[in-house]
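Quick notes on the structure that follows.
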Amino acid sequence: MRARLLAWYDREGRTLPWRIRPEERVAGRVADAYAVWLSEIMLQQTTVAHAAPYYAKFLSLWPTVHDLADAPREDVMAAWAGLGYYARARNLHACAQAVSRELGGVFPSDLEGLRALPGIGEYTAHAIRAAAFNLPASVVDANVERVITRVFRIEAPLPSAKPDIRKHAASLADPARPGDYAQAIMDLGAVICTPRAPSCGACPWAAHCAARAAGDQERYPVKAAKKVKPVRHGLAFVVLRGEGEGREVLVRTRPDKGLLGGMLEVPGTDWVVDAGALPGFSEAAPLALRWREAGRITHVFTHFELRLTVFAAPLSGEANLPDGARWVGVHPIRAAGLPTAMKKAVQAAL
DNA sequence: GATCCGTGGCC
DNA sequence: TGGCCAAGGAT
């Protein structure tokens, strides 16, 4: 099976900016561990298509781990805006600083050393070992889970089936080409063994796949039932000053931890389940201005749905700003520093 | 082990 | 159109 998979990968595997292709590896090209690490962090719960432009931007802005370590954190957060899961950006910066300042800029190649760094967990440690150092590893991500549960027709639901999946995956790994093998099985999941309508006719493992034999590939992986998302309500206040290219909006930085930690937001109320418990807009507003209700926006987070009523007001002249508040331009390049929910709120007020 | 963390594309 | 899904980690 491993020979069939690697032959398929040699032929059909994707060429990605951070990837060393088998022919390049044979020619002696060695991966840049910094680039591999950067790609792995960005690809956590994120598609290749979405992460790729950010990867190019980060490498261009900060070509080495030392450059990233020395960058102001707010620049890193702003560059990350739109990618989601902002703890990744905070950990990315902290990890770069640890590698640059404590490890001389050299990424560890052992699992313990990698796992000790912020933002690097079980999967990412193995992925870096395989892709950057071509060392033996056991990469189990969502792609591998899908492939393995189908090949072995595993009925137990995720996540409890994980140890069983890991055991089966390890039995198939190729010790001679660990880097290529890890990327091959993930490519197989991404390109052939897709969640819906898998291309079994083109799969190198079709003849060995129990689910394929039974004809119920799409039943796997079986997943535990998910919970319903509660709805939370809040008020958001968009204060605008200036016109045209110079137009600005009043923002503040969210607390370091928790939802959208360290990101910018417009002033607003807490987000509560009971809409009736919200204060009146005049009571909650950050400044006493002539407010108008500009609209309502909805944004769905991982575990709740947010509905914001957006109030807008122009500000001319000077005012005593609330603590921590400052102005940023609303033209696209600066608006890109806002997470999506806040972009929607600002947009509703324009 | 369960929960908390974004976002955009897909059918 | 809305639920599902994506190269997970931290607590």
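The values are calculated or read from the model by the stated rules, or taken from the named source; none is laboratory data. Predicted, not measured: the structure shown is a model, and the values here were computed from it. Backbone-built Cβ (ideal geometry, glycine too); neighbour counts: all protein chains shown. Each accessible area value is taken on the protein alone, full model and side chains, heavy atoms only, with ligands, DNA and RNA left out. Shrake-Rupley method; radii C 1.70, N 1.55, O 1.52, S 1.80 Å.
Computed extension length for A:ARG296-A:LEU103: 64.6 nm, one decimal, from 0.36 nm per residue of separation with the Cα-Cα distance subtracted. The sum of -39500 (n - 2.57) across all DSSP H runs of n ≥ 4, divided by the residue count of chain A, sets its helix-only mean residue ellipticity at 222 nm to -11500 deg cm²/dmol.
On the basis of the beta-carbon distance and an R0 of 22 Å, A:LYS162 and A:SER199 show a calculated FRET efficiency of 0.30. Of the whole protein surface, A:LEU111 contributes about 50 Å² of accessible area at a 1.4 Å probe radius.
Taking 7 Å steps out from each Cα toward its Cβ at A:ALA3 and A:SER171 produces label points 2.0 nm apart. Centroid-to-centroid, using Cα positions, the stretch A:68-107 and the stretch A:160-203 are 30 Å apart. Residue by residue, the stretch A:137-145 carries 3J(HN,Hα) couplings of 7, 10, 8, 10, 10, 5, 5, 5, 4 Hz when phi is fed to the Karplus relation 6.51 cos²θ - 1.76 cosθ + 1.60 (θ = phi - 60°); x denotes Gly or Pro.
A compact globular protein would have a Cα radius of gyration near 2.2 N^0.38 Å; the ratio found for chain A is 1.17. Applying 0.36 nm per residue to the separation of A:ALA207 and A:ARG326 and subtracting their alpha-carbon distance, the gain on full extension is 36.7 nm. When the convex hull of its Cα atoms is viewed from all sides, the stretch A:231-349 shows a mean projected area of 7.2 nm². Placing a label point 7 Å from the Cα of A:ALA225 along the Cα-to-Cβ direction, the residues of the stretch A:303-335 with a backbone N closer than 20 Å are A:303-304. Check cross-link reach from A:LYS229 to the aspartates and glutamates: straight Cα distance under 13 Å, and skip same-chain residues fewer than eight apart. Leaving aside aspartates and glutamates fewer than 8 places away in the same chain, those within reach of A:LYS229 are A:GLU305. Taking a ≥ b ≥ c as the square roots of the eigenvalues of the Cα gyration tensor, the stretch A:1-130 is classed as prolate, since a/c reaches at least 1.5 and a/b is larger than b/c. Phi angles of the stretch A:25-40 translate, via the Karplus equation with coefficients 6.51, -1.76, 1.60 and θ = phi - 60°, into HN-Hα couplings of 5, 4, 6, x, 6, 10, 5, 7, 4, 4, 5, 5, 4, 4, 5, 5 Hz per residue; Gly and Pro are given as x. Considering only A:VAL151, A:GLY113, A:SER138, and ranking their Cα positions along the charge dipole of the stretch A:2-219 that arises from unit charges at the beta-carbon of Lys, Arg, Asp and Glu, the one farthest toward the positive end is A:VAL151.
Residues A:ARG4, A:ARG296, A:ARG326, sorted by accessible area with the largest first, give A:ARG296, A:ARG4, A:ARG326 [1.4 Å probe; ligands and nucleic acids excluded]. In this rough spin-label picture, where each label sits 7 Å from Cα along the Cβ direction, the A:ASP256-A:GLN347 distance is 3.2 nm.
Here the 3J(HN,Hα) profile of the stretch A:248-254, calculated from phi with Karplus coefficients 6.51, -1.76 and 1.60 at θ = phi - 60°, is 10, 10, 7, 9, 9, 9, 6 Hz, Gly and Pro shown as x.
How far apart, in nanometres, would the label points at A:ASP270 and A:SER282 be if each is projected 7 angstrom from Cα along the Cα-to-Cβ direction? Output for this residue pair reads 2.4 nm.
Simple rule: put +1 on each Lys or Arg Cβ and -1 on each Asp or Glu Cβ in chain A, find the dipole, and look at A:ASN320, A:PHE237, A:PRO178; the Cα lying farthest toward the positive end is A:PRO178. Evaluated at q = 0.19 Å⁻¹, the base-10 log of the normalised Debye intensity for the stretch A:257-318, with identical point scatterers placed on the Cα atoms, takes the values -0.88.
Once you've got the Cα coordinates, tell me which of A:LYS223/A:LYS343; A:LYS257/A:LYS343; A:LYS162/A:LYS227; A:LYS227/A:LYS343 are over 24 Å apart. Check vs 24 Å cut-off fails for A:LYS223/A:LYS343; A:LYS227/A:LYS343.
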